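Okay, structure first, notes after.
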């Protein structure tokens, strides 16, 4: 959800409305996430997806009409076998989509600005939408209370508990946890680091690029990066090291990789990966063991990092690393034809 807020806000600041379509209910085998979203801008551009095919085309048409006329629409779609065959789907079921327009007025802009500001530091954030074509409204519920609202008040009891579609058919709400966009911190902005960062952005990560060589931090090389930081790898600054953070160590040399690894080894992050070979892993494990470091902490480091797809070039290595990032984040095992980190990716940053 947070990934769309800035795009919505930018459009509203330019004076143009946006239409946001959200899957609020589904039954059956359907090609989208349970809270899938499609943002339609006034110029027809799209962000996000609710599964593609005929469903997305129908919702897009509804969104274009609403952008012209205003308001909201709640629509139920049935993807039966005929539609699955003619519309490109290979699955079927029923889906309810709420499509509503956000107008470029002061209240809506203030709501989205506050919503963006609330994403840091809150234990639990939910985005609440009234599922009603007649009276669309929204609120952010932060740590169990209505924090900011756009047409919804603090008396919104049903929004304080539950998830998904809540309430009676005539007066219901769609409640969705707002999960902060995952962060990937890449140590090293060489060829591999840049390729990994770019691929991670495409997979939905915010990416910070850290480097100790100023010439490698030119914004033109990495326009997609959320942050570029010139650092001393021997004395890293304070970083947001938590379960929503992934780390990729791809500096220009093995000695710098080890310097970084020493500082992040005990961090409670979602993923730590380091480029190199199995031989490098054995060498570093011995060095850290002799220094008295926790062997179990090192065993959590994925090195060689990336799924074993026989990657050789920086672009191929990036694909393997981001695939592993996704597998770890989604907590699923690799397929039978792929094993985690079973082959070296020896190209250095």
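The values are calculated or read from the model by the stated rules, or taken from the named source; none is laboratory data. In this text the structure is predicted, and so the values were computed from the model without any measurement. Quick reminder, even Gly has a Cβ in these numbers, built from the backbone with ideal geometry, and neighbours come from all protein chains shown.
From (1) surrounded by fewer than 16 Cβ atoms within 10 Å (Cβ to Cβ); (2) modelled with pLDDT of 90 or more, pick out the condition that doesn't hold for residue 317. Just one mismatch for residue 317, condition (1).
Kindly establish whether residue 311 is modelled with pLDDT under 95, surrounded by fewer than 21 Cβ atoms within 10 Å (Cβ to Cβ) and either part of a helix (DSSP H, G or I) or touching a strand residue (DSSP E or B) at 6+ places or on another chain (Cβ under 6 Å) (or both). Here the answer is no, as residue 311 does not meet what is asked. Among the residues here, residue 306 does not qualify as out of contact with any strand residue (DSSP E or B) (no Cβ under 7 Å at 6 or more places or on another chain) and closer than 14 Å to residue 193 by Cα.
Output yes when any residue across region 67-79 is in the same structural domain as residue 129 (by TED's automatic domain parsing), over 24 Å from residue 150 (Cβ atoms), out of contact with any helix residue (DSSP H, G or I) (no Cβ under 6 Å at 6 or more places or on another chain) and at pLDDT below 85, and no when none is. Checking region 67-79: at least one residue is in the same structural domain as residue 129 (by TED's automatic domain parsing), over 24 Å from residue 150 (Cβ atoms), out of contact with any helix residue (DSSP H, G or I) (no Cβ under 6 Å at 6 or more places or on another chain) and at pLDDT below 85.
Against the test of being touching a strand residue (DSSP E or B) at 6+ places or on another chain (Cβ under 8 Å) and under 30 Å from residue 331 (Cα atoms), the options 200, 219 yield a single qualifying residue, 200. When region 272-290 is filtered for residues that are touching a helix residue (DSSP H, G or I) at 6+ places or on another chain (Cβ under 8 Å) and either loosely packed, with under 12 Cβ neighbours inside 10 Å or in a loop (DSSP other than H, G, I, E, B) (or both), only 275 remains. Suppose we keep only residues that are assigned to a helix (DSSP H, G or I) and farther than 20 Å from residue 38 by Cα within region 85-112. Which one would you say is modelled with the highest pLDDT? Filtering region 85-112 for residues that are assigned to a helix (DSSP H, G or I) and farther than 20 Å from residue 38 by Cα, the one modelled with the highest pLDDT comes out as 106. Beta carbons closer than 6 Å, at least 6 apart along the sequence or on distinct chains, pair a first residue in region 1-27 that is free of Cβ contacts under 8 Å to residues at least 60 places away in the same chain with a second that is assigned to a strand (DSSP E or B) for 4/39; 7/47. Considering region 144-158, the residues that are exposed (fewer than 12 other Cβ atoms within 10 Å of the Cβ) and part of a loop (DSSP other than H, G, I, E, B) include one that is modelled with the lowest pLDDT, namely 155. Residues satisfying the criterion are present in region 283-300 (criterion: within 24 Å of the chain's Cα centre (by Cα) and in contact (Cβ under 8 Å) with a residue 24 or more places away in the chain). If a residue has to be in a loop (DSSP other than H, G, I, E, B) and at pLDDT 95 or above to count, how many in region 175-189 make the cut? Total meeting the criteria: 2.
Rundown of residues vs (1) touching a residue at least 24 places away in the same chain (Cβ under 8 Å); (2) out of contact with any helix residue (DSSP H, G or I) (no Cβ under 9 Å at 6 or more places or on another chain); (3) farther than 13 Å from residue 188 by Cβ, yes/no style:
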residue	(1), (2), (3)
215	no, yes, yes
230	no, no, no
252	yes, no, no
263	yes, yes, yes
270	yes, no, yes
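Report yes if some residue within region 209-220 is within 23 Å of residue 316 (Cβ to Cβ), in the same structural domain as residue 307 (by TED's automatic domain parsing) and in a helix (DSSP H, G or I); otherwise report no. Yes, the conditions are met somewhere in region 209-220.
When region 159-171 is filtered for residues that are surrounded by 15 or more Cβ atoms within 10 Å (Cβ to Cβ) and either closer than 14 Å to residue 72 by Cα or at pLDDT below 75 (or both), the ones remaining, listed by number, are 159, 160, 167.
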